[in-house]
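Notes follow the structure.
The values are calculated or read from the model by the stated rules, or taken from the named source; none is laboratory data. Quick caveat: nothing in here was measured; it's all calculated off a predicted structure. Cβ atoms come from the backbone with ideal geometry, glycine included; neighbour counts cover every protein chain shown.
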Amino acid sequence: MSSFALTLVLTAAVLHASWNAVVKAASDRSLTIAAIATVNAVAGLTLILFSDTPAPASWPFIAASAVLHYVYYALMFHAYRLGDLSQVYPISRGVAPALVAMGAYLLIGETLSPLAIAGLLTVSAGIGFLAFQRGAAHADRRALVAAIMLGLTIAAYSVADGIGVRWAGDPFGYIGWLSLLESPVVIAVLAMRRRNNIEFDRRTFMLGLIGGVVSIAAYGIVLYAKTIAPIGAVSAVRESGVIIAALIGVLMFGERPWQGRIISAIIVAGGVIMLAFSGGH
């Protein structure tokens, strides 16, 4: 990987961890998530206007992925309400690739190499260490459950998108429709707030819009990087975001105990790197 590509992917990792930090730090997370979904929907509509309509075979996967993204937003809301960024992010991002690798083996018989098996064990060890280290007993165990379920959801829509985008014909059309279908999240959140007479805070919504732009930028940078560098290497470096999220949580939010969280994030990132280079998923 060239130094330029490496810089791009590291930038994307920082951006992805940062928009998750925006959700964690927000005083009104539901409004922040609605704003992020708004940016995604607008970006999706823009892509649709300049892309071909996805092939019929891909629409069931678009529908399934859209529903899974609704679940993703709900779980993200609860996970960051209950838990710390330095716990939730490494667990959810670490669980996802491990589950994708296992799912590929169980569902389509994709063989796991010894390096992939080592990666799965390393990710599991890092998550286990994060969950049961000193001080974790005082954390809300519901946050751990929500983070694991969040990782499961990420894995599920990753598999659906991996199949669907291949059958779509035009990947940008697929991404466009999938992003546009995030608009019900915005409608549902705003309708619920209006029904319950919850004040609309423009400053929070604007912060969420910035988070949405950062999210789109991170995704776009990774897509571009995959055109100029090996996909496995891009995926590996991208998951350095778990270390960045742990650092943000410890340094900016004062989350403790910090030593174990940083060590756990490094272990999880190491396991994901093994998975990325193993060719096992």
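Before moving on, here are some points about what is shown:
- Index of the failed condition, I154 passing every other in (1) modelled with pLDDT of 75 or more; (2) outside any helix (DSSP H, G or I); (3) surrounded by 18 or more Cβ atoms within 10 Å (Cβ to Cβ): (2)
- Test: residue in segment 47-66 that is at pLDDT below 90, part of a loop (DSSP other than H, G, I, E, B) and not aromatic (F, W, Y): no
- Selected residue (only one of T7, T46, T53 is surrounded by fewer than 23 Cβ atoms within 10 Å (Cβ to Cβ), in contact with an Asp or Glu (Cβ under 9 Å, 6 or more places away or on another chain) and among the β-branched types (V, I, T)): T53
Residue-wise test of (1) within 18 Å of I36 (Cβ to Cβ); (2) out of contact with any Asp or Glu (no Cβ under 9 Å at 6 or more places or on another chain); (3) in contact (Cβ under 8 Å) with a residue 24 or more places away in the chain.
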| residue | (1), (2), (3) |
| --- | --- |
| V123 | no, yes, yes |
| F129 | no, yes, yes |
| G151 | no, yes, yes |
| Y157 | yes, yes, yes |
| R193 | yes, no, yes |
| N197 | no, yes, no |
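- Of the residues making up segment 116-123, not a single one is within 22 Å of L75 (Cα to Cα), modelled with pLDDT of 70 or more, hydroxyl-bearing (S, T, Y) and in a helix (DSSP H, G or I).
- The one condition in (1) within 20 Å of N20 (Cα to Cα); (2) of a type outside the set (F, W, Y); (3) modelled with pLDDT of 70 or more that D140 fails to fulfil: (3)
- Single residue of I108, I91, I148, I175 found to be under 30 Å from D52 (Cβ atoms) and at pLDDT 80 or above: I175
- Among the residues of segment 229-245, those that are more than 17 Å from S124 (Cα to Cα) and at pLDDT 80 or above comprise I244, A245.
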